[in-house]
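Trainee: I have a structure here, written as structure tokens, and I will follow up with some questions on it.
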Amino acid sequence: MIMNPAYVGVFLQYFLPTMIIVVIMLNRITLLKVCLFLIKSVSQKLTGVTDTLTRNIEMNMDQINSQQFVFFTRGGNISNLNLAMLYVQDNEQTNRMKIVNVIPEGAEASGNLADDIKFLNRIYPEIDLEFIVHRGEFGPDLIQELSQKWAIPPSFMFMRSPKGDFRYSSAELGGVRLIM
């Protein structure tokens, strides 16, 4: 080494890589265990993060889909109800809907309406329909009352075009949507 120091450098260039390979070969199992431990640790961290993200996304989807909509009907016309169902299915992201028939005090609800709702339940199984007969007068006060009672904003309520003798403008209804 003293006589030819340059040879020492060449020797080390061959000796050190050879020794590293020999050490790796003799400790393969230990090194593989270390690699496995590192992979499992990283995987568990990622799994925890992805599980949390998945739960949050699913919770948000459920919240969006569970938002109820309200359709006010005068009753008696299944084609209008079907149009409302098609509107909700095509334009809204929900799986829950209340169909409300507002009738004056002392009047009787249409007998066919409950049967029509049952029929629509079979046609649209992905939408949970709830049929409600409400006694009173349809108007802005009723809309505000039901909105507060059910925690459904008036913008999530809709009705078909009113008849010519309807006393309220669409602005007075507080955001109830009209579907044609």
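The values are calculated or read from the model by the stated rules, or taken from the named source; none is laboratory data. The structure presented is a predicted model; accordingly, all values stated were derived computationally and were not measured. When we count neighbours, we look across all protein chains shown, and the Cβ atoms used for this are built from the backbone with ideal geometry, even at glycine.
Trainee: Tally up the residues in region 37-94 that are in a helix (DSSP H, G or I), in contact with a helix residue (DSSP H, G or I) (Cβ under 7 Å, 6 or more places away or on another chain) and under 13 Å from PHE158 (Cβ atoms), please.
Mentor: The qualifying residues number 2.
Trainee: Within the group VAL70, VAL34, VAL100, VAL22, which residue is touching a Lys or Arg at 6+ places or on another chain (Cβ under 7 Å) and modelled with pLDDT of 90 or more?
Mentor: VAL70
Trainee: Can I ask one more? Taking ILE117 as meeting all but one of (1) buried (at least 16 other Cβ atoms within 10 Å of the Cβ); (2) not in a helix (DSSP H, G or I), write down the number of the exception.
Mentor: (2)
Trainee: Name the single residue that is surrounded by the most Cβ atoms within 10 Å (Cβ to Cβ) among those in region 134-172 being assigned to a helix (DSSP H, G or I) and touching a strand residue (DSSP E or B) at 6+ places or on another chain (Cβ under 8 Å).
Mentor: Step one: list which residues in region 134-172 are assigned to a helix (DSSP H, G or I), which gives 140-150, 154-156, 171-172.
Adding the requirement that they be touching a strand residue (DSSP E or B) at 6+ places or on another chain (Cβ under 8 Å) leaves 142-143, 146-147, 150, 155-156.
On the way: LEU142: 16, ILE143: 22, LEU146: 20, SER147: 19, TRP150: 15, SER155: 12, PHE156: 19.
If we take residues in region 134-172 being assigned to a helix (DSSP H, G or I) and touching a strand residue (DSSP E or B) at 6+ places or on another chain (Cβ under 8 Å), then ILE143 is surrounded by the most Cβ atoms within 10 Å (Cβ to Cβ).
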